[in-house]
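Reading through the structure tokens given below for one structure.
The values are calculated or read from the model by the stated rules, or taken from the named source; none is laboratory data. Treat the numbers as computed from the prediction; the structure is a model and nothing was measured. In this analysis, Cβ positions are derived from the backbone assuming ideal geometry, glycine residues included, and neighbour counts consider all displayed protein chains. Only protein heavy atoms, including side chains, enter the accessible area calculation; ligands, DNA and RNA are left aside. Shrake-Rupley method; radii C 1.70, N 1.55, O 1.52, S 1.80 Å.
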Amino acid sequence: MIETKNLKRTFRSGEIETPVLKGIDLKVQDGEFIAIMGRSGAGKSTLLYQMSLLDEPSEGEIIINGQYAHLMPESEKSRFRLMQFGYVFQDYALLPELTALENVVLPLLMQNIGKEQAYRKAREALEKVGMGHRLRNLPSQLSGGEQQRVSISRAIAHGPKILFADEPTANLDNESSHAILNIFRDLHRNGQTIIMVTHEEEFATEAGKVVRIDDGRVVATEKH
């Protein structure tokens, strides 16, 4: 489903260049649950941002479903992200002035899904993660774990081809973290392709494949 070839990303600040990814070759098959692991600064999140088209590589190729995604114009990338991908971030990225339901509905409306269908899909997605009783609550009225459930609902409501998660349990207590992981486990059992950055060894064991990164390179790939 996704393949990267010799993927490199260098950040520049004035005359200073900082290479973060130094030639990543990686394949993700349809239906796989992959955990990307490594120490802080190893390049985990940078790799996720490349694969999910939120950032552009300095060199190399990103091939998604046979399309050379890195060559797409920005308008096409935006549409690809909206229609094909789902995103879960460690800071939840919810709009504070919208209720849980409205946060999930908004991207569906942006996909030109009719209002009635969008609200139905949003309710179903929230019920799937155990948030059907908090539809009218604002993010400020929810715990961190509940906010992350809403974030996951928003990411899966449209049935994305790939779900990207960047440290989805980083800001949560142990109980909430396990609840989030159980949701990911159920999604994967139902065929969802998931690429997750995590520093938690315990959570990585849930993935079918663990890709370990150090100093911008893949140093190990483990299948479970």
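One table, with the values for the structure above:
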{"read-out": "The one condition in (1) in contact (Cβ under 8 Å) with a residue 60 or more places away in the chain; (2) open to solvent by less than 40 Å² (accessible area, probe 1.4 Å); (3) of a type in the set (Ser, Thr, Tyr) that THR99 fails to fulfil", "value": "(1)"}
{"read-out": "Residue check for LEU71: in contact (Cβ under 8 Å) with a residue 24 or more places away in the chain and either over 21 Å from THR198 (Cβ atoms) or of a type outside the set (Phe, Trp, Tyr) (or both)", "value": "no"}
{"read-out": "Subset of segment 35-52 [open to solvent by less than 10 Å² (accessible area, probe 1.4 Å) and farther than 14 Å from VAL218 by Cβ]", "value": "SER52"}
{"read-out": "Qualifying residue in segment 32-55 (condition: farther than 20 Å from GLU167 by Cβ and outside any helix (DSSP H, G or I))", "value": "no"}
{"read-out": "Matching residues, segment 80-92, being outside any strand (DSSP E or B) and either surrounded by fewer than 13 Cβ atoms within 10 Å (Cβ to Cβ) or aromatic (Phe, Trp, Tyr) (or both)", "value": "PHE80, TYR92"}
{"read-out": "Selection status of GLN141, farther than 23 Å from GLN111 by Cα and either modelled with pLDDT of 95 or more or crowded, with 22+ Cβ neighbours inside 10 Å (or both)", "value": "yes"}
